[in-house]
Amino acid sequence: MSQLSPAARTRLFAGALLCLMGALFGLIVFWADTGTMPAFIMRLYAFPYGDKAGHFLLMGLISAVANIALAGRRLHVGRFHPLAGSVLVATIVSAEELSQRWFSGRTFSPVDLGFSLLGIWSAGILAEKLRNSFHRFTRK
């Protein structure tokens with residue numbers, strides 16, 4: 001690992017972290033789908049709009065890590081060039097939220113989906129600003 005460049009080490013670490021976060025996301029979805037969410041997780045967002053804040057922060061964090069792991073790669077869709085990590089996370093999150101329609105103990109919420117997508121979008125903007133600042137700083 002010492003032969004890897006700092007950027008490659010960062011992407012490798014972010015990729016490993018993304019795998020762990022994906023596993024945690026899957027576990028949370030499983031607990032929610034089966035009605036077995038642990039009390040300590042329920043307490044994390046036991047305040048007004050805590051669920052919405054959780055969607056925004058968790059999905060934003062996962063998106064930021066995905067974009068770091070993918071080195072800020074962009075997709076080219078016509079005139080649009082969204083961050084690949086953001087698109088990946090938004091697709092998975094949207095599919096999961098829509099799948100709640102088929103679980104009797106779950107409720108599809110367009111507001112939850114909106115907060116998740118807002119977190120993903122915000123994290124993408126923040127990642128771009130930080131990346132641009134870092135490049136300006138390192139070029140001097």
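Read-outs: derived from the displayed coordinates by stated rules, not from any lab. Not measured: the values here are computed from a predicted model. All Cβ positions, glycine included, derive from the backbone under ideal geometry; neighbour counts span all protein chains shown.
Let me spell out the model: positive unit charges on the Cβ of Lys and Arg, negative unit charges on the Cβ of Asp and Glu, origin at the Cα centre of segment 7-114. What dipole size does that give, in debye rounded to 20?
Here segment 7-114 has a charge dipole of around 420 debye.
If you average the sequence gap of Cα pairs under 8 Å that are 6 or more apart and divide by the length of the chain, what percent do you get for the contact order?
28 percent.
Using modelled backbone amide H atoms (1.01 Å from N, in-plane), which distant-in-sequence or interchain residues come within less than 5 Å of Arg74's amide H?
Distant-sequence amide H within range of Arg74: Ala84.
Give the residue list of GluC sites (Glu not before Pro) in segment 58-140 that are DSSP loop and have at most 15 other beta-carbon atoms within 10 angstrom.
none
Quick check on packing: order 34-42, 110-118 by the mean number of other C-beta atoms within 10 Å, highest mean leading.
Working: 34-42: 10.3, 110-118: 17.4.
Result, highest mean first: 110-118, 34-42.
Please state the charge dipole magnitude for segment 69-140, taken about the Cα centre, from unit charges on C-beta atoms (+1 on K and R, -1 on D and E), reported in debye and rounded to the nearest 20.
580 debye
Can you give the three extents of the C-alpha atoms in the chain along their principal axes, from longest to shortest, in whole Å?
That works out to 55, 38, 26 Å along the principal axes.
Pairing the Cα long axis of helix 84-99 with the longest principal axis of the chain, what angle in degrees results, from 0 to 90 and rounded to the nearest 10?
Once rounded, the angle reads 10 degrees.
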